[in-house]
Amino acid sequence: MNEHEQILAVIRAKNGSPIPLDPRKTALIVVDMQRYFTQPSFPFTEVFNRLSPGAASGYLKRVRHVVIPSIQKLLTCFRALGSPIVFTAVGTEVGQGRDLPWWLRSFDELGLATLGSRIWPTVDDPSWQIDEAILPQAGEPVLSKFSAGAFATTGLEQRLRNQGIEAVVVTGVSSDVCVSTTAREAADRDFRTIVVSDGCTTLSEQMHQASLDTFNIAFGWVRTADEVVALLERPAGTEPARSADASKPSRG
């Protein structure tokens with residue numbers, strides 16, 4: 001067993017630890033599932049495909065056939081339980097990306113060089129809206145953010161504290177950037193944090209798995225959507241048994 005395999009074994013052991021999860025004190029965070037990131041007709045994936053034809057094809061397929069169905073399953077569960085649900089969306093309010101951090105503005109510059117126009121959507125643009133397959137319902141806010149993590153530039157923490165939330169379940173795109181940053185921010189703020197392995201993805205499966213592993217080694221837990229639903233619906237104080245295969249995060 002090499003060094004990496006040893007660490008993966010540690011991650012699997014840690015990931016199998018029980019999760020104290022009370023549905024009354026657990027919120028679902030859906031990160032940046034905007035049309036801009038989920039559909040092929042917008043600049044985000046167009047930039048990657050222009051630079052390397054087909055580069056975003058696998059990502060878009062996973063979003064449509066794995067991530068969205070998993071989030072739909074979680075939305076149904078959280079809504080049935082009456083547990084809070086929060087969506088986030090990233091974009092520019094002032095235009096030209098002037099209110100975004102430099103790393104987002106640099107991607108804007110790449111879009112300008114590649115496509116001939118700046119690419120970050122304004123908050124009133126159709127591409128900024130949440131994907132039609134998982135539209136928010138009444139009482140489910142969409143928080144506009146200007147950062148990778150949802151806690152840095154929104155009032156998310158205060159909203160959760162006001163509702164007595166102690167744990168969060170994090171989904172969305174992309175797993176290695178905005179999802180993992182949001183999840184780490186949550187953990188640092190003392191929320192028990194679960195990242196849903198099939199409820200997020202990124203531009204390659206290898207990067208996706210690496211983001212799950214690096215989160216899981218220190219910050220919280222990784223579970224599938226089915227496992228999260230089972231956790232929330234279980235009798236208090238119990239957790240469904242996990243198979244040996246389930247201890248390894250599944251890929252979204």
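Points to keep in mind about this one:
- Within region 33-61, residues that are among the acidic types (Asp, Glu) sit with their Cβ atoms under 7 Å from residues that are not in a loop (DSSP other than H, G, I, E, B), at 6+ positions apart or across chains, in these pairs: GLU46/LEU115.
- Some residue of region 68-83 being without any contact (Cβ under 8 Å) to a residue 12 or more places away in the chain, charged (D, E, K, R), within 27 Å of ALA230 (Cα to Cα) and part of a helix (DSSP H, G or I): no
- Checking the stated criteria, THR38 turns out not to satisfy the condition of being among the hydroxyl-bearing types (Ser, Thr, Tyr) and closer than 20 Å to THR154 by Cα.
- Failed criterion for GLY97 (all others in (1) within 21 Å of the chain's Cα centre (by Cα); (2) surrounded by 20 or more Cβ atoms within 10 Å (Cβ to Cβ); (3) at pLDDT below 95 hold): (1)
- The single condition among (1) under 22 Å from ALA152 (Cα atoms); (2) not in a helix (DSSP H, G or I) that VAL179 does not satisfy is (2).
- Inside region 61-93, residues that are over 24 Å from ASN49 (Cβ atoms), out of contact with any helix residue (DSSP H, G or I) (no Cβ under 7 Å at 6 or more places or on another chain), surrounded by 15 or more Cβ atoms within 10 Å (Cβ to Cβ) and polar (S, T, N, Q) make up a count of 1.
- In the set GLY116, GLY164, only one residue is modelled with pLDDT of 95 or more and on the phi > 0 side of the Ramachandran plot; that residue is GLY164.
- Residue in region 116-133 that is assigned to a helix (DSSP H, G or I) and without any contact (Cβ under 8 Å) to a residue 24 or more places away in the chain present: no
- Pairing each residue of region 140-167 that is under 21 Å from ARG79 (Cα atoms) with any residue that is at pLDDT below 95 and surrounded by 18 or more Cβ atoms within 10 Å (Cβ to Cβ), provided the two are 6+ apart or on different chains, yields C-beta distances under 6 Å for ALA167/LEU21.
- Count of residues meeting criterion [in contact with a Gly (Cβ under 7 Å, 6 or more places away or on another chain) and either at pLDDT below 95 or farther than 14 Å from ILE71 by Cα (or both)] in region 205-230: 1
- Within the set ARG251, ARG242, the sole residue that is modelled with pLDDT under 95, charged (D, E, K, R), part of a loop (DSSP other than H, G, I, E, B) and more than 28 Å from PHE37 (Cα to Cα) turns out to be ARG242.
- Taking region 45-60 as the range and being hydroxyl-bearing (Ser, Thr, Tyr), in contact with a helix residue (DSSP H, G or I) (Cβ under 9 Å, 6 or more places away or on another chain) and surrounded by fewer than 16 Cβ atoms within 10 Å (Cβ to Cβ) as the test, only SER57 passes.
- Residue in region 119-154 that is nearest to ARG64 (Cα to Cα), counting only those that are modelled with pLDDT under 95 and either surrounded by fewer than 16 Cβ atoms within 10 Å (Cβ to Cβ) or basic (Lys, Arg) (or both): PRO126
The values are calculated or read from the model by the stated rules, or taken from the named source; none is laboratory data. Model, not experiment: these values are computed from the prediction. No Cβ is skipped: glycine too gets one built from the backbone with ideal geometry, and neighbour counts run over all protein chains shown.
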